[in-house]
Each structure stands twice: as C-alpha cells, then as structure tokens.
Amino acid sequence: MALLKDYTGYTVLIYSPEGEYLCDGTVSKHDKKYEWIELRHGLPPSLKVDDICPLLIMTSPSPCEYRGRVVKDGWQLVLALFKGKEKENRKTTRYKVNFPVTIENLIIDGGTFPLFEILTVNITNISRTGVRFSAPLNSLLVGDKFTLRMQIGEDNRLFTAIVVNSVNKTHISEYGCRLVD
C-alpha cells in the first residue's frame, strides 16, 4: 500500500486500542518508503513496541484513518501505518475527542458569508467522514454548510461540513455533520 500524501507537519490524534484518546502530536518526519511517521515530541510512554493503536491524521477535506504499529527506528519509537482494522457496526469508527472548535462562515449557494459572531462549539467525536458537536440551542439547521476551524496543538486546519442531523436538548443542540470538499 503506497501512501499518497506526505503527512509531515500534520496533526495526528492517537487512541488506545480500546478507542480512548491518548494524545495528539505533529508529524516531524514521514518515511514514505517504509510507511512510518515520527512525532515531534515522541510517542506517549504508555505505548510500547508492537502496540497497535488507531489514529487520525488531520488532513483536508477530511482526516485520514490508520492503524499504527509502534516500531523502533534506531533509538526512537515511530508509528508504522496500515489501514486494516476491525469494523464496528457503523461505516466509520467514531473517535472520542473533547476540544473546542469554531464555526466562522456559512456557505450558501457557493458563497462564503462570515457569521456576525464566531460560534465556538465542542466536538464530542470525529471520524474520517464527519464530526459530532454540541452548540447553543438551534445554532444551525439540517442542511447548513459551514467552515469549521480546528486548532489542535500547533495545527490550525479548516474543514467544510454540512449538518445532516440534530438533536435538541435543554439548552444545547447536538449536531451530526459530514465533512465535504
């Protein structure tokens, strides 16, 4: 399997084999020949050689999903990338996260319209195809298309998303959104 993109400089979200968030980091080196990535600040100490962990590389228009096997490259630990994984009942695995992001623009008929006030929302999970977040009650409607800015560590990425479902709670709404081009 040849990796098509150089992931150097991209943020990676790393999860335990059980699906719990471990950490995020920036790719400092991507060896495309051997298909492994090195993180700028190394791997968390809880990961050992031969551990396999799910990870998301935060590329646009949507994240790339891999499994990573912890391997040694000289004196350091790196993640060898491969795509195989156990399937869950849904089409894509949802990874738990808890960080704020901002919605800055609505996209209507191909035009971008800035919001009067930038909306900060809290992402609860992410997959390679979408995000789920909570926001103030009735902030968006099903079908709304918008830009979503994710600041993860040093990485700042813009994604375009469209609301596909919403659930109203007492003071908030939860939105399921698909990432699009």
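Only the coordinates and a few stated rules stand behind these numbers; no lab work does. Note that the coordinates shown come from a computational prediction; the quantities given were computed from them, not determined experimentally. Note that we place each Cβ from the backbone using ideal geometry, even for glycine, and neighbour counts take in every protein chain shown.
Would you list 41, 171, 30 from fewest to most Cβ contacts within 10 Å?
Values: 41 11, 171 8, 30 19.
Ascending Cβ contact count within 10 Å gives the list 171, 41, 30.
Pull up all non-local amide H partners of residue 73: gap of 5 or more, or a different chain, and H-to-H distance under 5 Å with H placed in the peptide plane.
Answer set, sorted by chain and number: 78.
List, in the order given, every pair from 48/145; 32/145; 33/145; 96/145; 48/169; 5/169 whose Cα-Cα distance in the structure shown is over 31 Å.
48/145; 32/145; 33/145; 48/169; 5/169
With a/c under 1.5 counting as rounded, go ahead and sort the range 95-180 into rounded, prolate or oblate using the C-alpha gyration tensor (a ≥ b ≥ c being the square roots of the eigenvalues; past the cut-off, prolate if a/b is larger than b/c, else oblate).
rounded
Can you give me the long-range amide H partners of residue 180? Hydrogens built in the peptide plane at 1.01 Å from N, cutoff under 5 Å, separation of 5 or more residues or another chain.
Close amide H contacts, sequence-distant or interchain: 160, 161, 162.
What is the distance in Å between the Cα centroid of the range 131-181 and that of the range 1-56?
26 Å
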